[in-house]
Amino acid sequence: MSELSAAWHPIASSEDLPYRHVFHGQLLGREFAVWRADDGNVNVWENRCLHRGVRLSIGINEGAELKCQYHGWRYANRTAGCTYIPAHPADAPARRITNRTYPVIEFAGLVWSAAGAADAFVEPLQEADWFALRPIPVTATPEMVRDKVVAAAEPGSEPVRLTEFGYSMKLAGGRGEDAAVFIQPVDAGRAVIRALLPETPAQPLATLRHYNALLNALREQIERTAREAPAPEPIEPEYEPVSLELATMPELRLGTRTSIRVRVARKYDAGEGVIGLDLAALEGHLPTFQPGAHIDVHLPNGLVRQYSITNGPGEQLHYGIGVKREPESRGGSSTIAEAVREGDLLAISEPRNNFPLRRDATRTTLIAGGIGITPLLAMAKNLFGSRLEFDFHVFARSQQHLPFADALERFGDHVSPHIGLDAAETGRTLEEIVGSYSFARHLYVCGPAPMLELVRALAARNGWPDEAVHFEYFKNTREIDQSSSFTVELARSALTLEVPAGRTILEVLRENGVEAPSSCEQGACGTCLTKVLEGTPDHQDVYLNETEKQANASMLTCVSRSLSDKLVLDI
Amino acid sequence: MNRPNPYLNDHWHVVAGNEAVASGQPFRTVLFDVPIIIQRLADGLRVTAALAPEKPLPVLERYGFIWTSLGTPMPLFEIPEYDEADRRNMNAGSLGVAVSAPRAIENFLDMGHFPYVHTDILGAEPHTEVKEYDVEVSAERGEVLATRCRFFQPRAATSSAGGQEVEYVYRVPHPYCSVLYKSCPSDENRRDVIAIFCQPVGEERIVAHMLQSLIDDVSTITDMRRFQQTIFGQDKPILENQYPKKLPLDPRAETPIRADKSAIAYRRWLSQMGVNYGVIPLVPRVADV
Amino acid sequence: MITLYDFELSGNCYKPRLLMSILGLTYETVPVDFYPGREHKSEAFLKLNPFGELPVLVDDGLVLRDSQAILIYLASKYDKTGQWYPLSDPAVLAEIAIWHDFANRITATASAARLGLSMFYDVDIEAAQAGAHQLFRLLDEHLWFGEREGRDWLCAPSHPTTADIACFPYVALSEEAGVPRQDYPAIRRWLDRVKRIPGFTVMSGVFPAGPAIEA
Ligand SMILES: N[C@@H](CCC(=O)N[C@@H](CS)C(=O)NCC(=O)O)C(=O)O
Ligand code: FES
Ligand SMILES: [Fe+2]
């Protein structure tokens, strides 16, 4: 069987996969959920949701994601990575929950796949205008179906073997064409006859009906013989265990460190002072991301910078980012402006999401200032695609400065651009937008620090609870006070360390050989988030919200310090 | 054929609703793949295995259902509320389902599916969040208990008028039975009781027997049955599309989230009790040891 | 006022519910305790329908049994578009009659197997399942060729009729009858199309479809 599982077989006709439909396939006992995304890509996945084993073939094809019918988990086009878990709407599914995928190729009007690690696809037929006949499922062993099909050749003609289960042959009673006939081994006792004619016949319908009658009669004959023997036991499918990491529900997010090579596929002008970059996978697709996620980009000069992914759901062939050209840049944007060209290779991190989008709001309000539009663009695409209620406010200095103006057009009435407002006007407009809070509304804001501060203050004044106001700073502009000194105890590593004035906890950890993830190292990105077991942190970051800061249950070790003499961390 | 372990065998198992067995008419059903016959005779109920008609099996009528055992049954769990005078107790139906008993119990404990499977009744998008709740396994009582379970529901019961946050308590006092208590729309100090008793016909086929014990003096029995059947009828195609049909006890077989705490506790408890029927037992993997 | 004697888990009762939902009609439901109560065999109910079968629909004193007859009545009387039961098109009406008969054959097979498996009716389950598969092969073929001929529905080329409503429920519930639909891809696509008819409503055991792609 292992030899067989590496072989490619047709599992559906291309016509079986209209948009927004999920086809139920099977090969050698393994069931598949097969669906075509709106971008045309065909996905062949194990027919089993990783959560509780429900068949994905009863799920909903939402165009860019497949939604499981049981708890609404979403899985992305191409990667099969989980992008959303509705039971925990505030969390990004940080662990890499990825359904099992199978190889897929559309060729000659058929969809081909393999039940295991596949060999390279060798075209079993010449390129031609192949015309698919109506597939005929047969309740008999694939071997018996194959033998009976071969025996149904026009007397005097000799079938030519194309694959283990495929023949080029003239069918007795046919119209003389050299048909390609493939037997799809569905299960131990089931098969599908998938036949192709080498060109579209002059009278397609009549020809289809003719062969359909012929193959129906052949099926009758095969099944009559098959019924004489007891039906074989179905093949017991093997299910791979999920990784230990997925099975154990870690509470703390760990930073992802893997680096991925990408090619700069496009560099373009995305509005005055903004450069758009499309970073493409060198091969296949990029890892699953969720709206709000960002990547680290390793620049040629050694700097590492964070950029939000602007893509819509299921767009996995490249990540789109936007970079602001800043005159007093800290080296990131000027490098990109000058040194990075189309075709260059860059290293990026896996996507990380500290700004997850809840999809359980009755209405979502997105507020973008300038380049802060990037994560919100991904959110808007997601909300729009899922037909959720939202409004998207974009503030820019001038029409020319409006970043990604083209991308905004598709949102129609959902978008309100606010162009060229002065500080007072901006304040009044924001006041109007924020308005008063009502149940299950959520607000997302990204932009310059003063704007964020203002929106947060307005929201607080208007009765918005902290957990309904989501923000992402590009950077921490606060002056960090490094004057304190204190002791840090690492609960799990049984280490006690002294943090002197002028040094960060993160630095001290690393000096002592403790591995700790980090990224921006200025208290903005949340990568170094650590659980606090005892003591009172001196929060200096812009990542945690006020409620989270007051809870003193976690802190960012790259900037925050201690108010108490000692901190006990869960490291 | 796989036989239940002694722990399972020494339980009472439900085999019929009281009213399904009329006098003078033998009622046939199956328990643990063993065909059995129930008769209502002048001197009471008689349950026997079809292949051993001489040897009577233990029998109990409780909660509106008939229970028997292929072993020496320990006492049946208590639902004290059932005996409260003002409750409307009813058998809401016994439905055959192509699933294992533990999968059906896990579904009964699960709140995350309300908006998707019981749309506009027990839940509705966008209100999908499963808030933190508490779970404990009480070893001496031999039951799993989940408390402080809350969910936003558009129409929680036959008698409810609008949406509300509903609070649940779930008990699993028997490997194949579960009892839930939920806020009662007509009396905020009391709780409606709904229970599912699974009869393991085979490892992958059950009869789900449903009990309702409600505080509601407005709705008819037909209305209340209809409500519960509507709900269970929605769960049924989910259960019948779950693979594997037996509940895998290996934590790495599926992907739990925080909302699944009660299911995880239930799976662990089944493992500890050596339950071997309707489950795929945990076989330690070399790499994990 | 229209009154429907109804049981939630019955596919035959679902037929009038579905059509009335699509036509936007309001009606009253009288729940009948079909299971476990067997109320449809009670004396009171037998007066409405001597066959002791659901559904029964009462409108303006007119008492109707048989779900297909009810669909014909509702569509002829209340459908302003005239498409669900096109009285002026003899060919389509005859086709509808053929598929209404087909719907009854589905009830006799797929529905019988479902009642046997879930409510313990005394039926030959395997024979009923085999019968359902035979019907489904014909249905899949009819729908597959329909897709090639520009006919998305059972009868009329450009719009659904009562025939689609009559055949839909027990096909959509067939897994509960132990009759999987994996071998019938054209049926599976047609189910999606029916689910996207404006005004479509579900019953317990039938999931809705997501929205179609916007053109
Ligand atoms: N041809 C009738 C058949 C109706 C029918 O079979 N109804 C079922 C319920 S879905 C019933 O009442 N059966 C009575 C019984 O089997 O006891 C129709 O289409 O209405
Ligand atoms: S089983 Fe798929 S989301 Fe839970
Ligand atoms: Fe449920």
For the peptides C:150-159, A:416-425, B:256-265, C:167-176, what is the packing order when you average, over each peptide's residues, the other Cβ atoms within 10 Å and list the highest mean first? C:167-176, B:256-265, C:150-159, A:416-425
With a Förster radius of 60 Å, plug the Cβ-Cβ distance of A:ASP413 and A:GLU143 into 1/(1 + (r/R0)^6) and report the FRET value to the nearest 0.05. 0.50
Averaged across B:255-263, how many Cβ atoms of other chains sit within 10 Å of each residue's Cβ atom? 6
Under the Kirkwood approximation applied to all pairs of distinct alpha-carbon atoms, what is the hydrodynamic radius of region A:142-184 in Å? 10.1
At what distance in nm do the modelled label points of B:ASN5 and B:ARG88 sit from each other, each positioned 7 Å from its Cα along Cα→Cβ? 4.2
Computed Kirkwood radius, in angstrom, where 1/r is averaged over Cα pairs of region B:80-280: 17.2
Label zone at A:GLU223 (point 7 Å along Cα-to-Cβ), backbone N below 11 Å, region C:106-130: C:130
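Over the residues of chain A, compute the C-alpha Rg and express it relative to 2.2 N^0.38 Å.
Computed over Cα atoms of chain A, the ratio equals 1.18.
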How high is the FRET efficiency between C:THR3 and C:ALA94 when r is their beta carbon distance and R₀ equals 25 Å, given to the nearest 0.05? 0.20
Per residue of A:358-364, count partner chain C-beta atoms within 10 Å of its C-beta, then hand back the mean as an integer. 3
Principal axes first, then extents: for the Cα atoms of region A:363-473, list largest minus smallest coordinate on each axis, whole Å, largest first. 35, 34, 23
Computed over the Cα atoms of region B:198-289, what is the convex hull's projected area averaged over all directions, in nm²? 8.3
Taking a spot 7 Å from the Cα of C:ASP101 along the direction of its beta carbon, which residues of region C:140-180 have an amide N less than 16 Å from it? C:155, C:163, C:167
By how many nm would the segment from A:SER259 to A:GLN400 grow when fully extended, if each residue of separation counts as 0.36 nm and the alpha-carbon distance is taken off? 47.3 nm
Between A:HIS401 and residues 5 or more places away or on another chain, the pairs with built amide H atoms under 5 Å apart involve A:GLU272
Segments B:124-130, A:64-70 sorted - mean Cβ within 10 Å per residue, highest first: A:64-70, B:124-130
When N counts the residues of region A:127-249, how does its alpha-carbon radius of gyration compare numerically with 2.2 N^0.38 Å, as a ratio? 1.31
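Do any chymotrypsin sites (Phe, Trp or Tyr not before Pro) in region A:318-426 lie in a loop, going by DSSP, with at most 10 other beta-carbon atoms within 10 Å of their beta carbon, and if so which?
The qualifying sites: there are none.
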If the chain between A:HIS298 and A:PHE121 were fully stretched, how many nm would it gain, using 0.36 nm times the residue separation less the Cα-Cα distance? 60.2 nm
Total accessible surface hidden between C and B, rounded to 100 Å², 1.4 Å probe: 1700
Of the listed links B:LYS131/C:LYS195; C:LYS15/C:LYS80; B:LYS182/B:LYS261; A:LYS67/B:LYS236; A:LYS148/A:LYS170; A:LYS67/A:LYS381, those spanning more than 21 angstrom between alpha carbons are B:LYS131/C:LYS195
Please compute, for the alpha-carbon atoms of region A:75-135, the extent along each of the three principal axes and give them in descending order in Å. 51, 25, 17
Approximate spin-label separation C:GLU43-C:ALA130, in nm, with each point projected 7 Å along Cα-to-Cβ: 4.3
Which residue, chosen from A:ASN77, A:CYS528, A:THR496, occupies the Cα position most advanced towards the positive end of the dipole of chain A, where the dipole is computed from +1 (Lys, Arg) and -1 (Asp, Glu) charges on Cβ about the Cα centre? A:ASN77
Could you give the length gained by full extension between C:HIS159 and C:LEU25, i.e. 0.36 nm per residue of separation minus their alpha carbon distance, to one decimal place? 46.3 nm
Other protein chain Cβ atoms within 10 Å, averaged over every residue that makes up B:224-232: 4
Helical contribution to [θ] at 222 nm, DSSP H n ≥ 4, -39,500 (n - 2.57), averaged over chain C, rounded to 500: -15000 deg cm²/dmol
Using distinct alpha-carbon pairs, which all enter the 1/r mean, Kirkwood radius of region B:6-68 in Å: 11.8
Any residue on another chain or 5+ positions along whose placed amide H is under 5 Å from the amide H of A:GLY369 is listed here as A:PHE395, A:CYS446, A:GLY447
In region A:361-393, what trypsin sites (Lys or Arg not before Pro) fall in a loop by DSSP, with at most 12 other Cβ atoms inside 10 Å? A:ARG387
Per residue of chain A, what 222 nm ellipticity follows from adding -39500 (n - 2.57) for every DSSP H run with n ≥ 4, rounded to the nearest 500? -5500 deg cm²/dmol
Computed on Cα atoms, Rg of the protein assembly as shown relative to 2.2 N^0.38 Å comes out at 1.02
For B:ALA16, enumerate residues with amide H under 5 Å from its amide H, sequence gap 5+ or separate chain, H modeled in the peptide plane. B:ILE66
If you wrap a convex hull around the alpha carbons of region A:486-569, what volume per residue comes out, as a whole number of Å³? 80
Compute the orientation-averaged projected area for region A:255-348 from the convex hull of its Cα atoms and round it to one decimal in nm². 6.0
According to a simple spin-label model (label point 7 Å from Cα along Cα-to-Cβ), what is the distance in nm between B:GLU81 and A:THR547? 3.0
Separation of region A:297-372 and region A:74-138 by C-alpha centroid, Å? 29
List, in order, the whole-Hz ³J(HN,Hα) value for each residue of region C:103-117 obtained from phi through the Karplus relation with A = 6.51, B = -1.76, C = 1.60 and θ = phi - 60°; use x for Gly and Pro. 4, 5, 5, 5, 4, 5, 10, 4, 5, 4, 4, 5, 5, x, 7
Give the peptides C:2-14, B:102-114, A:525-537 in descending order of average Cβ contacts within 10 Å, highest first. B:102-114, C:2-14, A:525-537
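The values are calculated or read from the model by the stated rules, or taken from the named source; none is laboratory data. These numbers were taken from a predicted model, which means no experiment stands behind them. Note that each Cβ is placed from the backbone with ideal geometry, even for glycine, and that neighbours are counted across all protein chains shown. Quick note on the areas: whole protein, heavy atoms, side chains included, nothing else; ligands and nucleic acids left out. Shrake-Rupley method; radii C 1.70, N 1.55, O 1.52, S 1.80 Å.
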